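What follows is calculated from the coordinates using simple rules that are stated; it is not laboratory data. Everything numeric here is computed off the predicted structure, so don't read it as measured data. Positions of Cβ are generated from backbone atoms using ideal geometry, with glycine treated the same way; all protein chains shown enter the neighbour counts.
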Ligand code: ATP
Ligand code: MG
């Protein structure tokens, strides 16, 4: 499981063929690191680090000497900030409103009888691959007896707390679960209702269907979002019933502000990118809802507190000599699987420390810490009294 610095000619040729590019172009892109080659166990693959010739970032080509398989990148979904305007303008007649779950995007494919879990950026994640195999391997294989494993790609969200990427608590999936939100036949996603029917037949979970509404029924849309907001859930993705136009996403205020609070603990990292985008979302919500003084004051206080309290707490912690890290627990089958994961993280340049391990029925539970860059930067500020930004 490593980077392949000098891909062999057969690899380059197959990638060129699958992406519809010249061999020379692939060579150049590989030299610049835009296409990167890696190995996972005995699978060799190439991944796109940005959009190229219509293939989204995170597109993968799985390679074998006598053939290759394209795993389409999951396309970015445009965000609505004014649903009152966007819904009627963008959609054609009906809109399928699905829950947007807060976890990480995983494409699941079958290649040579092996299930592989590919993250948004196009990496085969050893941890996700192993856990999904144990969780739903059997059912997915059953599904792939009905649909062609060489041309279909499953896309879904891994949610729960036992993962190294995005932890958000769901009562129905506290630890580790997978909710499918698209089923691609080559590059084309199936209509949502057809997709659900197929998944249910094989006992696979899908994101909740919250309603099929008329595109002009903005009131209904708002009711659905308000309910999710009360429950502290992330939001919705609105899809055309036949996928004739691309989906749009919308997130609840609860999560917009929650993200700021979470991100600002590590304000030189997540915090930095969260602040402006979340402010924008809340700003347009205030406009659309016609906020009065009292409502604006409430929003300003909530937003302001979310942006400052956790950051100040981090500064105080570091000043007291504490480190800043994310802590989480993962479950592995054994030591070999744990080691495979930690070396994968190290190769991606992520600083992870295993704090402790314990045996349990399912295997090996490991408590880990991801050291945050904010900690290093904060230490410098506290030493020098100088700001890292102007
Ligand atoms: P981008 O904005 O580029 O799409 P992102 O990961 O920052 O990337 P998000 O704001 O999380 O984007 O919204 C898009 C993501 O939402 C999808 O990539 C997918 O992982 C997730 N998602 C959750 N539920 C659904 C759903 N029902 N339909 C489609 N995507 C969903
Ligand atoms: Mg997300």
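Over its Cα atoms, what ratio of radius of gyration to 2.2 N^0.38 Å does the range 2-71 give?
Normalised Cα radius of gyration, the range 2-71: 0.96.
Between residue 6 and residue 284, the contour length at 0.36 nm per residue exceeds the alpha carbon distance by 95.2 nm. Taking label positions 7 Å along the Cα-Cβ direction at both residue 24 and residue 272, the computed distance is 3.9 nm, reported to one decimal.
Shown here: the range 325-371, whose C-alpha atoms stretch 31, 20, 10 Å along the first, second and third principal axes, sorted largest to smallest.
Between residue 31 and residue 343, the FRET efficiency from the beta-carbon distance, with R0 = 22 Å, is close to 0.30. A simple spin-label model places the labels of residue 230 and residue 134 3.8 nm from each other, with each point 7 Å out along Cα-to-Cβ.
For the range 2-71, averaging the sequence separation of C-alpha pairs within contact (under 8 Å, six or more residues apart) and dividing by the residue count gives a relative contact order of 28 percent. Distance between Cα centroids, the range 1-71 to the range 200-217: provide it in whole Å. Using only Cα atoms to place each centre, the spacing works out to 35 Å.
With contacts taken as Cα pairs under 8 Å at a separation of at least 6 residues, the chain carries a relative contact order of 13 percent.
Please compute the length gained on full extension between residue 147 and residue 308, using 0.36 nm multiplied by the number of residues separating them and subtracting their Cα-Cα distance.
The residue 147-residue 308 span can extend by a further 52.9 nm.
Modelled label positions at residue 188 and residue 41, each set 7 Å beyond Cα in the direction of Cβ, lie 3.3 nm from each other.
Each helix, a run of at least 4 DSSP H residues, gives -39500 (n - 2.57); summed and divided by the residues of the chain, these come to -12500 deg cm²/dmol at 222 nm. Under a Gaussian network description of the chain, with springs only between Cα atoms under 10 Å, the residue in 98, 24, 57 that fluctuates furthest is 24.
The shape of the range 254-319 comes out prolate: with a ≥ b ≥ c from the C-alpha gyration tensor, a/c is at least 1.5 and a/b beats b/c.
Apply the Debye scattering formula to the chain, with a single equal point scatterer on each alpha-carbon and no solvent, then give log10 I(q)/I(0) at q = 0.06, 0.08, 0.12, 0.14 Å⁻¹. For the chain at q = 0.06, 0.08, 0.12, 0.14 Å⁻¹, log10 I(q)/I(0) is -0.27, -0.48, -1.10, -1.41.
Compute the FRET efficiency between residue 298 and residue 81 as 1/(1 + (r/R0)^6), taking r as their Cβ-Cβ distance and R0 = 22 Å, and round to the nearest 0.05. Rounded to the nearest 0.05, the efficiency is 0.65. Each peptide in 311-317, 262-268 was scored by the mean count of other Cβ atoms within 10 Å over its residues; highest first, the order is 262-268, 311-317. As a length-normalised measure over Cα pairs under 8 Å and 6 or more apart, the relative contact order of the range 254-319 settles at 47 percent. Starting from the Kirkwood radius over alpha-carbon pairs of the range 78-249, derive D by Stokes-Einstein at 37 °C in a medium of 0.692 mPa s and give it in µm² s⁻¹. It diffuses with D of about 196 µm²/s by this estimate.
When the convex hull of the Cα atoms of the range 304-382 is projected onto a plane and the area is averaged over all directions, what value comes out in nm²?
That works out to 6.8 nm², a quarter of the Cα hull's surface.
Let me know the shape class of the range 1-140, please: from the alpha-carbon gyration tensor, a ≥ b ≥ c as square roots of the eigenvalues, rounded when a/c is under 1.5, otherwise prolate if a/b is greater than b/c, or oblate. Because a/c hits 1.5 or more and a/b fails to exceed b/c, the range 1-140 counts as oblate.
Rounded if a/c is under 1.5, else prolate if a/b beats b/c, else oblate: with a ≥ b ≥ c from the C-alpha gyration tensor eigenvalues square-rooted, which is the range 108-198?
Verdict is prolate for the range 108-198.
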